[in-house]
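Some notes on the structure that comes next.
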């Protein structure tokens, strides 16, 4: 079935469900709820009262009637400031104002009605309780004030993930992907925008679309206590919620800049090289407001960023070697750095339309373009220093269009439909001034020549397209809020690798001999990829859930249900000589029961106990299957590796047009999926106790446990031990291939993905939350944690992983150790300070209209593997650990980092100017 027909079928199905009391539902990923009890002065419930919930930003209203217990509940509400009003004959009208609803929040607003005339109005102002009695999950919402005012030099809101407890890793300095690790997992994050998927499916840790401040109103983070509607991760859900227009016309424009005088000198830069330029220029503009008051609204945002990224791209080629090699001033510029830069454009357009009282529609379009010339690393093939000759321009374009329709069928039945199409296309071309011809590596000295040394160099092309349909249906019945829903994602992938050409020389003299024609075959070897480098495939992800949010009593709430995930992975490419390539197993047994509760322990709602437990499934990484398709023993491409004496070996700098005459296809090493490969999952549990010390200050302590099962491990299942062992017991294998050394001697190595890994994560957390009052808002958290597993995966499949292959393919227990991002102590403090002096005079002039935003992080160092940089037991892994050294036993130093943003506000009537300065890593 084609993607177009598939999408049409899903849209038709979803529309039919939306109009005919559907059976399934998603949830309030981008909306919120308001619920509570209406009582009289004696504490007795008030049934039959009319409760009107009004969004004071947009005029949106919802009217409800309290049930026999005096209970009301409004779900799928837009975000913003609200007013709740209760009316009943014989009682004074009561209004509650002054609180703001955030994404995923259930605001508990209880009302007490006094006897009197309905025309008499009693108004009470104030936020919902700081110890949230409606919350079950372990997470936080980073509100609009924090998004706008916390220091964020990178302009990358994904870096805010590190403000959440149980999260380790490191930030991204530009608009790339930070290395986010939650609950001890490696990069397992479910990225979302407005509740729609924003997760790239091929490798762990990748988001599909980047984010910018102009497209993010607030961020919802969840790491535990997931309701059944959330899934497809064993780590974190990161949901970026886009802004919307309101009845007030509001806009902004800004300019930010950075110059090299504002940055420290790179640590490894040669003392004689000038300090590299680190300039950055950033322009933003936003505008939102009403099209028709109380009915239709618009929002638009644009951002343009230009950055110099050369500061950490120091060229490590020695001047004397560069001179002997005859490298040009283009290949080795006088600046001493690779002239890497980046130009980025964001655009977001959004509209919200109240079609009728029972139907609301929202639509958005998002566009991103990244042009990054000379986007290469400092080191090239074999760890030799790169030169500018190897420069490739990275082109990255992403866009998405999405819509949401909320419909009500009476006061107690609501449906939400979401649709999305998202795509990413990235490619690499040779940079201006890059080298030509084949790539050349002089071992340990320099890499130069044409930028075609690796499969990801010039000529690389990748695209991923996702069609998504979600639908939910909610039924409110007494104390129950039933929800049921589905999420279908159709994923289309295409990849084209570069047909690389690489000469490797042992010394400068050997290269010069080939260059001047004295010995055109003085190279160590020549490698060229030949064949069809393209692959295309598709997959489908399906999720179903049903849940009940039950208010057992005014102080005890339970949420329970079950989720089902089905991941239809790409089809196999069978090859008769490889039985494992005949088909890929589709695991159909992914049922995930979950339950949690929130218990308010006192009548003043100051102490709340929360606990939850449930199963979370992790989607299989599509790159597993891509590699199994590509490397099934019948390769579409072959690497011709020629020694100087090989038949048909080219004379430098010639390349091959086809496989050389008499070329014998080398014995293949294959990648396979285990016939019983099952979906990875965790049993995730937590308990949290929160105590409100004041109306705006709370402290919580908690415990988190994660038990990982079916974790994927790449195991060479073709090796037969020789009977000899290393001193630490690791078996020694043979590089010779025969029936005595290989299970199937038709292949050399058979790297098989098996779901046999296990992991454990335990953490204690302490969180202090200070809601904005008296000019101060802050949140601090400390996590004491330990994560262990026996399932190492390399950076080929987990972005940023420094893990290695198994050290012993016969015994995975030998690789049990702390996880790659295990951090024993993690502390983070963030906040805003806005001093305000009510009296006039010098003090008011100096202190008012100032703001300080800050983020402070302190943590123990991350672990790393100590490597021997050789294959000790001849299993094909060339970076074995030394004898007696366990996995991830090295430890980096402690880290302390403080970022700050100072703002001086300058009011001009209805317009407010801001002069601000941001600084990163102050100390």
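What follows draws every value from the coordinates through simple rules; no lab data is involved. Given the structure is predicted, the values throughout are model-derived calculations rather than measurements. With ideal geometry, Cβ positions are generated from the backbone for all residues, glycine too; neighbour counts draw on all protein chains shown.
Quick look at the values:
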{"item": "Helix-derived mean residue ellipticity, 222 nm - over the chain, DSSP H n ≥ 4, -39500 (n - 2.57), to 500", "result": "-1500 deg cm²/dmol"}
{"item": "Within the range 319-354: backbone nitrogen closer than 19 Å to the residue 516 label point (7 Å, Cα to C-beta)", "result": "320-328"}
{"item": "Efficiency of FRET from Cβ geometry, residue 701 and residue 318, R₀ 45 Å, rounded to 0.05", "result": "0.20"}
{"item": "Modelled label reach - residue 658, point 7 Å along Cα→Cβ, the range 513-545 residues with backbone N closer than 16 Å", "result": "530-532"}
{"item": "Of all DSSP beta bridges in the range 31-125, antiparallel share, percent nearest 5", "result": "70 percent"}
{"item": "Shape category assigned to the range 848-923 from the gyration tensor of Cα positions, a/c cut at 1.5", "result": "prolate"}
{"item": "Cα-projected label distance for residue 81 with residue 343, points at 7 Å along beta-carbon direction, nm", "result": "4.2 nm"}
{"item": "0 to 90° range, to nearest 10: angle between helix 3-18 axis and the chain longest Cα axis", "result": "20 degrees"}
{"item": "DSSP beta bridge pairing in the chain, given as percent antiparallel to the nearest 5", "result": "90 percent"}
{"item": "Relative contact order of the range 611-733, defined on C-alpha pairs under 8 angstrom at six or more residues apart (%)", "result": "26 percent"}
{"item": "Difference of contour (0.36 nm per residue) and Cα-Cα distance, residue 65 to residue 44", "result": "5.9 nm"}
{"item": "Sequence-separation-based contact order of the chain, relative, with Cα cut under 8 Å and 6+ spacing, percent", "result": "9 percent"}
{"item": "DSSP beta bridge pairing in the range 140-241, given as percent antiparallel to the nearest 5", "result": "75 percent"}
{"item": "Label-point separation, residue 255 to residue 122 (7 Å along Cα→Cβ), nm", "result": "5.6 nm"}
{"item": "Cα-based shape type of the range 123-271, given that a ≥ b ≥ c are square roots of the gyration tensor eigenvalues and the cut on a/c is 1.5", "result": "oblate"}
{"item": "Simple spin-label estimate for residue 248 and residue 667 in nanometres, 7 Å along Cα-Cβ", "result": "7.4 nm"}
{"item": "Extension gain from residue 328 to residue 813, taking 0.36 nm per residue of separation minus the Cα-Cα distance", "result": "169.4 nm"}
{"item": "Contact order relative to length of the range 140-241, as percent, for alpha carbon pairs under 8 angstrom and 6 or more apart", "result": "31 percent"}
{"item": "Least to most buried among 903, 552, 737 (fewest other Cβ within 10 Å first)", "result": "552, 737, 903"}
{"item": "Additional length obtainable on full extension of the chain from residue 852 to residue 509, 0.36 nm per residue less Cα span", "result": "117.5 nm"}
{"item": "689, 832 arranged by Cβ crowding within 10 Å, fewest neighbours leading", "result": "689, 832"}
{"item": "Residues 539, 695, sorted so that the one with the fewest Cβ neighbours within 10 Å comes first", "result": "695, 539"}
{"item": "Sites residue 353 and residue 571 - FRET efficiency at Förster radius 30 Å, r taken between beta-carbons, to 0.05", "result": "0.10"}
{"item": "Paramagnetic reach from residue 173 (point 7 Å along Cα→Cβ, amide N under 18 Å) across the range 143-159", "result": "152-159"}
{"item": "FRET E, pair residue 397, residue 377, Förster distance 25 Å, beta-carbon r, rounded to 0.05", "result": "0.65"}
{"item": "Cα centroid of the range 222-281 to Cα centroid of the range 621-675, whole Å", "result": "41 Å"}
{"item": "Centre separation in Å (Cα based) which lies between the range 840-900 and the range 334-390", "result": "25 Å"}
{"item": "For the chain: rounded, prolate or oblate by the Cα gyration tensor [a/c cutoff 1.5]", "result": "prolate"}
